[in-house]
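K.L.:
Before I ask anything, let me first share the structure, which is written out below as structure tokens.
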Amino acid sequence: MGVALKLVAQRFALGLLLLFLVSVLIFVGTLILPGDVAQSILGQSATPEALANLRRDLGLNEPALARYLSWLGGVFHGDLGTALTSGQDIATTLGRRLGNTLFLAFWAAVISVPLAIFLGLLAVRYRDRWPDKLISAVTLASISIPEFLIGYVLMYFVGVKLGWAPTVATIYDGMSIWQKLQTIALPVAVLTLVVLAHMMRMTRAAILNVMQSAYIETAELKGLTTFKVIWRHAFPNSIAPIVNVVMLNLAYLVVGVVVVEVVFTYPGMGQYLVDHVSKRDLPVVQACGLVFAGVYIGLNMVADIVSILSNPRLRHPK
Amino acid sequence: MSRELEFLSKQVAFGRISRRNFLGRAAALGVTAVSANALLSSAVRAAGPMKGGTIKVGIEGGSTTDTMDPALSTNNTSTMLLRLWGEPLVELGPNNSLEGRVAESWSGSADASVWTFKIRPDITFSNGKTVTAEDVKATMERHSGEDTKSGALGIMRSIKSMKAEGNDFIVELADPNADLPYLMTDYHLIIQPNGGKDDPNAAIGTGPYVIKSSEPGVRFVAEKNPNHWDSSQGHVDTVEMIVINDDTARVAALQSGQVDMIDRVPPRTAKLVSRAPGITVYSKSGPGHYVFIMRCDAAPFDNSDLRMALKYGINRQEMVDKILFGYGSLGNDTPINASYPLFTPVEQREYDPDKAAFHFKKSGHEGPVLLRTSDNSFPGAPDASALFQQSLDKAGIALEIKREPNDGYWSEVWNKQPFCTSYWSGRPVQDQMFSTAYLSTADWNDTAFKNEQFDQLLVAARGELDDAKRKQMYTDMSEILRNDGGLICPMFNDFVDGVSDKVGGWDEKTSGFGLMNLYAPVKTWVAG
């Protein structure tokens, strides 16, 4: 147990260091981008006086390092600051957006992960026969088509032609959970199609790998059915690579859904981040960057730890 | 027109038969869809507005970074929002006329240098406070002066002093300006209690609606303001605005009935959308135009022959056909078109490769000309640049196209680089358009055009109260700009809106922006 604890602590410290580096990178990156927040807010209608006034009000005349340090100080006190463009409290707005993103990701994961694993098992059971080929063909096709195109196609046929689901997935407070679920039906379907193939292929490959082992042959000779062999003997032993790829895809569901959010006008983190990057609203970009990096690092950490714990050789190193 | 058709159109107006049904019967009577539609809309208007219900607007332009402060409003979404909860002193009416909103009436001194606005008595802000001339003065103060961040600052600079006397708001100008009431229609200049100095984001004004829920860049909900003074506006109980920036998603939302009206239907698909059942596409010409701008003070565009060569080398008709898909009109190298009140047509400049080659040779310039463009400078700008390249090629002029990123285009390329693509949304009157972008000293003189005669004419026209003389002056100015300026204006883009048949009271004649000058949710109603 001590080993596992030490491992988690190590990974956690490393994660924090990574987060800090990410925040430095984002800050420098945003500084390099052309134009500043004052210019971006006023856009084509900027006059020199208005620019100067806005820069002074936003505190942009301070040196960059001082701005970074004061931001960092705030973060350590749990204060993400206020958005330069709209003056809103970042933590509040971000919290709501993150909630929405997690809501969408959660439902996409609830559908896609079991489905992918089940399809993977099915593909192994009927290896090289028509169910395997059909599953592979469909999932590979769906991962190869750009997600915005899948979005538009579903929007047109399911939303406009059949009228089964709304094409605009704007959810807001005051909707019941059923209304929300109906509203996000199409984006969830698109996300499921996008992440399905990766997880399903990995499940199939990992289990096939284990199926070559001697103990599988033993199980077969005991007279177990093929599906039971796969489920009881092969699957537990291939859990590490599967968890790895599942975690990667879960991370994608949180940090990589900008396109789907834009296509379905879903009020999540992606759209929020993009709007603020184009306005050079540094504190918000920093905060979003931290959250995204945190999610990514966290899920990868979970994958690492699970794969170590599930492997006796790694659990008890010599 | 047959009696039967008239009867049928009234039936639709009262919601007894559907619009689709009506069009079918009209076709059976041998009437074209266009004239049947026209008949229908006049019948619906005549039936009068219906009260109640909800109108949902799918609108482009909103961003999560938007605020409620009128001074910082920059896009369609925030402007429509302002029109829900607030009102300016004066607003544009049909055919470029003016109608009073917070101001009941107004008058200018004989030399147009002092203007008096009479504030409508007994109207209240949505917080119950009565509107006074002091509130108006405070509003104007917040948009002017050294410290302001307002987008309306350019307009306010010409004001020398302001005062509030009883119910009158009096403006004294540094130079006479006959167009001052038009300037007061600027969308930033929403009258707020104490000018919004206490809380610019409070969204408290005199408009027909009150904002109930606001999530910038996502969704806004407004409910009827029961105390609004004007019963000819605010027919529906609830207005919902949903920000949908993706073109395809916006059109799909209209087609699936999730919203009742959308702005900026992409010209490429507008014809297809108009064929969908239950949807009408309205196209309205306006002052907005897509431009190629050359800075007259930067080499090689400081050469008037080179500028002329490029002006002759652009095929305007091709641009209107292929970039706007017919939803627009020909430009003529001046920012002014028929949507301006004192407009007289100037001879149309045609594509002429021979003249272009002649002027190019005369300019003595050698080698290619560099044009910068980006997707967001106007829809289809890179394609338009490629068309320009081909049409210039026939005149033996090489155009090199450099694609710039959208991000930072307005801060790094526009108004800085010598030759680039851009757009103007236009202004209600000539004076404002010329003063904003072509006066030597203007902040946004993006063509760096400096012409003494032009400047003198502009100032003289402001104080000229004789319309015929003013009209002549503006024609002369357009002529100067067209021959000597750095502006290549190939096309004026139409506003293309998509509207569900559920919406009654649509008026195509409203001047200004699309969606009935962004007043659509305020002026239309649910027709059943």
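The values are calculated or read from the model by the stated rules, or taken from the named source; none is laboratory data. A quick note: this is a predicted structure, and the numbers were derived from the prediction, not measured. When we count neighbours, we look across all protein chains shown, and the Cβ atoms used for this are built from the backbone with ideal geometry, even at glycine.
K.L.:
Out of the range A:166-182, which residues are surrounded by 16 or more Cβ atoms within 10 Å (Cβ to Cβ) and at the interface with chain B (Cβ under 9 Å from one of its Cβ atoms)?
P.N.:
A:Pro166, A:Thr167, A:Val168, A:Thr170, A:Tyr172
K.L.:
Looking only at the range A:60-95, which residues are free of Cβ contacts under 8 Å to residues at least 40 places away in the same chain and within 14 Å of chain B (Cβ to nearest Cβ)?
P.N.:
Those that are free of Cβ contacts under 8 Å to residues at least 40 places away in the same chain and within 14 Å of chain B (Cβ to nearest Cβ): A:Leu60, A:Ser86, A:Gly87, A:Gln88, A:Asp89, A:Thr92, A:Gly95.
K.L.:
Going by what's in this entry, would B:Asp446 be described as assigned to a loop (DSSP other than H, G, I, E, B), without any contact (Cβ under 8 Å) to a residue 60 or more places away in the chain and closer than 27 Å to B:Val496 by Cβ?
P.N.:
Numbers: assigned to a loop (DSSP other than H, G, I, E, B): yes; without any contact (Cβ under 8 Å) to a residue 60 or more places away in the chain: no; closer than 27 Å to B:Val496 by Cβ: yes.
Judged against the criteria, B:Asp446 is not a match.
K.L.:
Does A:Val153 satisfy the criteria of being within 12 Å of another protein chain (Cβ to nearest Cβ), of a type in the set (A, V, I, L, M, F, W, C) and surrounded by fewer than 16 Cβ atoms within 10 Å (Cβ to Cβ)? Step through it out loud before you land on a result.
P.N.:
Numbers: within 12 Å of another protein chain (Cβ to nearest Cβ): yes; of a type in the set (A, V, I, L, M, F, W, C): yes; surrounded by fewer than 16 Cβ atoms within 10 Å (Cβ to Cβ): yes.
Yes.
K.L.:
Within the range A:209-227, track down each residue that is touching a residue at least 24 places away in the same chain (Cβ under 8 Å) and in contact with a helix residue (DSSP H, G or I) (Cβ under 6 Å, 6 or more places away or on another chain).
P.N.:
Result: A:Val210, A:Met211, A:Thr226, A:Phe227.
K.L.:
Hey, can you tell me all the residues within the range A:152-188 that are part of a loop (DSSP other than H, G, I, E, B), in contact (Cβ under 8 Å) with a residue 60 or more places away in the chain and of a type in the set (A, V, I, L, M)?
P.N.:
First, the residues of the range A:152-188 that are part of a loop (DSSP other than H, G, I, E, B): A:162-176, A:184.
Narrowing the set further to residues that are in contact (Cβ under 8 Å) with a residue 60 or more places away in the chain leaves A:167-172, A:184.
If the condition is that a residue be part of a loop (DSSP other than H, G, I, E, B), in contact (Cβ under 8 Å) with a residue 60 or more places away in the chain and of a type in the set (A, V, I, L, M), then A:Val168, A:Ala169, A:Ile171, A:Ile184 are the ones that fit.
K.L.:
Restricting attention to the range A:101-145, report how many residues are touching a residue at least 40 places away in the same chain (Cβ under 8 Å), over 14 Å from A:Val195 (Cα atoms) and surrounded by fewer than 17 Cβ atoms within 10 Å (Cβ to Cβ).
P.N.:
2
K.L.:
Tell me whether the range A:310-317 contains one or more residues that are more than 14 Å from chain B (Cβ to nearest Cβ), in a loop (DSSP other than H, G, I, E, B), of a type in the set (Gly, Ala, Ser) and touching a residue at least 40 places away in the same chain (Cβ under 8 Å). Spell out the reasoning first.
P.N.:
We begin by selecting, within the range A:310-317, every residue more than 14 Å from chain B (Cβ to nearest Cβ); these are A:310-317.
Still in the list and also in a loop (DSSP other than H, G, I, E, B): A:310-311, A:316-317.
Filter again for of a type in the set (Gly, Ala, Ser), leaving A:310.
With touching a residue at least 40 places away in the same chain (Cβ under 8 Å) added as a condition, the list becomes A:310.
Within the range A:310-317, one or more residues are more than 14 Å from chain B (Cβ to nearest Cβ), in a loop (DSSP other than H, G, I, E, B), of a type in the set (Gly, Ala, Ser) and touching a residue at least 40 places away in the same chain (Cβ under 8 Å).
K.L.:
Part of a helix (DSSP H, G or I) and either closer than 22 Å to A:Gly81 by Cβ or touching a strand residue (DSSP E or B) at 6+ places or on another chain (Cβ under 6 Å) (or both): which single residue out of A:His276, A:His233 fits that description?
P.N.:
On the way: A:His233 fails: either closer than 22 Å to A:Gly81 by Cβ or touching a strand residue (DSSP E or B) at 6+ places or on another chain (Cβ under 6 Å) (or both).
Result: A:His276 is the single residue among A:His276, A:His233 that is part of a helix (DSSP H, G or I) and either closer than 22 Å to A:Gly81 by Cβ or touching a strand residue (DSSP E or B) at 6+ places or on another chain (Cβ under 6 Å) (or both).
K.L.:
In addition: Given the conditions (1) in a loop (DSSP other than H, G, I, E, B); (2) surrounded by fewer than 18 Cβ atoms within 10 Å (Cβ to Cβ), report the number of the one that B:Leu370 does not fulfil.
P.N.:
The failed condition is (1).
K.L.:
Return a yes/no flag: does the range B:449-472 have any residue that is in a strand (DSSP E or B) and more than 24 Å from B:Thr344 (Cβ to Cβ).
P.N.:
The first filter runs over the range B:449-472 and keeps only residues in a strand (DSSP E or B), leaving none.
No, the range B:449-472 contains no residue that is in a strand (DSSP E or B) and more than 24 Å from B:Thr344 (Cβ to Cβ).
K.L.:
Out of everything in the range B:416-425 that is crowded, with 20+ Cβ neighbours inside 10 Å and farther than 26 Å from B:Leu98 by Cβ, what residue ends up being nearest to the other protein chains (Cβ to nearest Cβ)? Walk me through it before giving the result.
P.N.:
Start the filter on the range B:416-425 by keeping residues that are crowded, with 20+ Cβ neighbours inside 10 Å, which leaves B:418-422, B:424.
Right, trim to farther than 26 Å from B:Leu98 by Cβ and you get B:418-422.
Details: B:Pro418: 18, B:Phe419: 17, B:Cys420: 12, B:Thr421: 13, B:Ser422: 8 Å.
The residue in question is B:Ser422.
K.L.:
Now for a different question. Go through B:Pro405, B:Pro428 for me and flag whichever is surrounded by 16 or more Cβ atoms within 10 Å (Cβ to Cβ) and modelled with pLDDT under 90.
P.N.:
On the way: B:Pro405 fails: surrounded by 16 or more Cβ atoms within 10 Å (Cβ to Cβ).
The unique qualifying residue is B:Pro428.
K.L.:
Follow-up question, since we're still on this one. With the range A:48-125 as the region, which helices (runs of 4 or more DSSP H) entirely inside it contain at least 3 residues that are modelled with pLDDT under 90, more than 24 Å from A:Gln271 (Cα to Cα) and over 26 Å from the mean Cα position of the chain (by Cα)?
P.N.:
Values: elements: A:48-58, A:64-76, A:90-125.
Passing ranges, in order: A:48-58, A:64-76.
K.L.:
For A:Tyr296, work out the one condition from (1) within 19 Å of A:Leu21 (Cα to Cα); (2) touching a residue at least 60 places away in the same chain (Cβ under 8 Å) it doesn't fulfil.
P.N.:
Failed condition: (2).
K.L.:
Same structure again: Checking B:Gly498 against (1) over 19 Å from the mean Cα position of the chain (by Cα); (2) buried (at least 23 other Cβ atoms within 10 Å of the Cβ): exactly one of these is not met. Which one?
P.N.:
Single failed check for B:Gly498: (1).
K.L.:
Name the residues in the range B:304-324 that are surrounded by fewer than 20 Cβ atoms within 10 Å (Cβ to Cβ) and either basic (Lys, Arg) or touching a Leu at 6+ places or on another chain (Cβ under 8 Å) (or both), would you? Break it down into steps so the answer makes sense when it comes.
P.N.:
The first filter runs over the range B:304-324 and keeps only residues surrounded by fewer than 20 Cβ atoms within 10 Å (Cβ to Cβ), leaving B:304-305, B:317-318, B:321-322.
Matches in the range B:304-324: B:Gln317, B:Glu318, B:Lys322.
K.L.:
Could you please find all residues in the range B:265-275 being surrounded by 17 or more Cβ atoms within 10 Å (Cβ to Cβ) and in contact with a Phe, Trp or Tyr (Cβ under 8 Å, 6 or more places away or on another chain)?
P.N.:
Those that are surrounded by 17 or more Cβ atoms within 10 Å (Cβ to Cβ) and in contact with a Phe, Trp or Tyr (Cβ under 8 Å, 6 or more places away or on another chain): B:Pro267, B:Ala270.
K.L.:
Please go through the range B:252-262 and pick out each residue that is of a type outside the set (A, V, I, L, M, F, W, C) and at the interface with chain A (Cβ under 7 Å from one of its Cβ atoms).
P.N.:
Hits for the range B:252-262 are B:Gln255, B:Ser256, B:Gln258.
K.L.:
Provide a single number: the residues in the range B:388-405 that are assigned to a helix (DSSP H, G or I) and either under 19 Å from B:Arg295 (Cβ atoms) or touching an Asp or Glu at 6+ places or on another chain (Cβ under 6 Å) (or both). Spell out how you get there, then give the answer.
P.N.:
First, pick out the residues of the range B:388-405 that are assigned to a helix (DSSP H, G or I): B:388-393.
From the residues that got through so far, the ones that are either under 19 Å from B:Arg295 (Cβ atoms) or touching an Asp or Glu at 6+ places or on another chain (Cβ under 6 Å) (or both) too are B:388, B:392.
The number of residues fulfilling the criteria is 2.
K.L.:
Taking B:Ser304 as meeting all but one of (1) in contact with a Gly (Cβ under 9 Å, 6 or more places away or on another chain); (2) away from chain A (no Cβ under 11 Å), write down the number of the exception.
P.N.:
Every listed condition holds for B:Ser304 apart from (1).
K.L.:
Right, here's the next one. Could you list all residues from the range B:128-180 that are small (Gly, Ala, Ser) and more than 12 Å from chain A (Cβ to nearest Cβ)?
P.N.:
From the range B:128-180, those small (Gly, Ala, Ser) are B:128, B:133, B:138, B:144-145, B:150-152, B:154, B:158, B:161, B:164, B:166, B:174, B:178; that's our starting set.
Result: B:Gly128, B:Ala133, B:Ala138, B:Ser158, B:Ser161, B:Ala164, B:Gly166, B:Ala174, B:Ala178.
K.L.:
Just to verify a result, which residue in the range B:263-309, among those that are touching a helix residue (DSSP H, G or I) at 6+ places or on another chain (Cβ under 9 Å) and acidic (Asp, Glu), is farthest from B:Asp446 (Cα to Cα)?
P.N.:
In this case the residue turns out to be B:Asp263.
K.L.:
Which count do you get for residues in the range B:434-453 that are closer than 11 Å to B:Met477 by Cβ and surrounded by fewer than 19 Cβ atoms within 10 Å (Cβ to Cβ)?
P.N.:
Looking only at that region, the number is 2.
K.L.:
Working carefully through the options A:Gly270, A:Gly298, find the one that is more than 14 Å from every other protein chain (Cβ to nearest Cβ), part of a helix (DSSP H, G or I), within 14 Å of the chain's Cα centre (by Cα) and modelled with pLDDT of 85 or more. Let's see the steps before the verdict.
P.N.:
Numbers: A:Gly270 fails: more than 14 Å from every other protein chain (Cβ to nearest Cβ).
On inspection, the qualifying residue turns out to be A:Gly298.
K.L.:
Small (Gly, Ala, Ser) and surrounded by fewer than 21 Cβ atoms within 10 Å (Cβ to Cβ) - does that describe any residue in the range A:259-273? So that I can check it myself, show each step before the final result.
P.N.:
Let us first name the residues in the range A:259-273 that are small (Gly, Ala, Ser), namely A:268, A:270.
With the extra rule that they be surrounded by fewer than 21 Cβ atoms within 10 Å (Cβ to Cβ), the set shrinks to none.
No, the range A:259-273 contains no residue that is small (Gly, Ala, Ser) and surrounded by fewer than 21 Cβ atoms within 10 Å (Cβ to Cβ).
K.L.:
Out of all the residues in the range B:193-215, which are of a type outside the set (A, V, I, L, M, F, W, C), at pLDDT 95 or above and touching a Lys or Arg at 6+ places or on another chain (Cβ under 8 Å)?
P.N.:
Within the range B:193-215, B:Pro193, B:Thr206, B:Gly207, B:Pro208, B:Tyr209 qualify.
K.L.:
With facing chain A (nearest Cβ under 9 Å) and either modelled with pLDDT of 95 or more or under 21 Å from the mean Cα position of the chain (by Cα) (or both) as the only criterion, which of B:Val218, B:Val236, B:Val265, B:Val243 stands out? Spell out the reasoning first.
P.N.:
Working: B:Val218 fails: either modelled with pLDDT of 95 or more or under 21 Å from the mean Cα position of the chain (by Cα) (or both); B:Val236 fails: facing chain A (nearest Cβ under 9 Å); B:Val265 fails: facing chain A (nearest Cβ under 9 Å).
Result of the check over B:Val218, B:Val236, B:Val265, B:Val243: B:Val243.
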